[in-house]
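Where a number appears in this text, it was derived from the coordinates with a stated rule and is not lab data. Bear in mind that the values here come from a model prediction, so they are computed numbers and not experimental data. When we count neighbours, we look across all protein chains shown, and the Cβ atoms used for this are built from the backbone with ideal geometry, even at glycine.
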Amino acid sequence: MATCVAASTPQTRILFGMAGTFTLAGTILGAFVNKRFLMLPVLVSANQLLMAKRGWCPMSLLLTHLEIGTDRTPAAAVPTGD
């Protein structure tokens with residue numbers, strides 16, 4: 001099975017998973033609850049286009065700031081050896 005090299009980083013996989021989840025949830029909620037929920041997939045799509053064009057998106061900045069899916073270890077978790 002072929003894999004996407006760009007999707008091999010944990011943060012990228014998290015972003016793709018969140019995008020798929022929000023798109024599916026927005027579509028289902030738009031179909032059965034209120035048509036305004038269809039704006040959620042539109043915003044996710046715009047975010048994905050921004051990622052494709054510029055190489056970053058607001059969610060990736062948030063995940064990096066929270067150190068989710070990065071190789072960095074929070075400073076409080078690093079053993080000092082004392």
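Eigenvalues of the alpha-carbon gyration tensor of the stretch 3-63, scaled by 5 and square-rooted, set the equivalent ellipsoid semi-axes at 24, 12, 9 angstrom, largest first. Between residue 43 and residue 18, the simple label model (points 7 Å from Cα in the Cβ direction) yields a spacing of 1.3 nm. For the stretch 23-47, no residue has its backbone nitrogen under 11 Å from a point 7 Å from the Cα of residue 68, taken along Cα to Cβ. In order along the stretch 22-37, the phi-based Karplus estimate (6.51 cos²θ - 1.76 cosθ + 1.60, θ = phi - 60°) of 3J(HN,Hα) comes to 5, 5, 5, 5, x, 5, 5, 5, x, 6, 10, 10, 7, 4, 5, 5 Hz; Gly and Pro are listed as x. Quick check: the distance between the Cα centres of the stretch 33-56 and the stretch 10-28, to the nearest angstrom? Between the Cα centres of the stretch 33-56 and the stretch 10-28 lies a distance of 10 Å. Tell me, what is the percent relative contact order of the stretch 10-68, built from C-alpha pairs under 8 Å that lie six or more residues apart? Normalised by residue count, the contact order of the stretch 10-68 is 30 percent.
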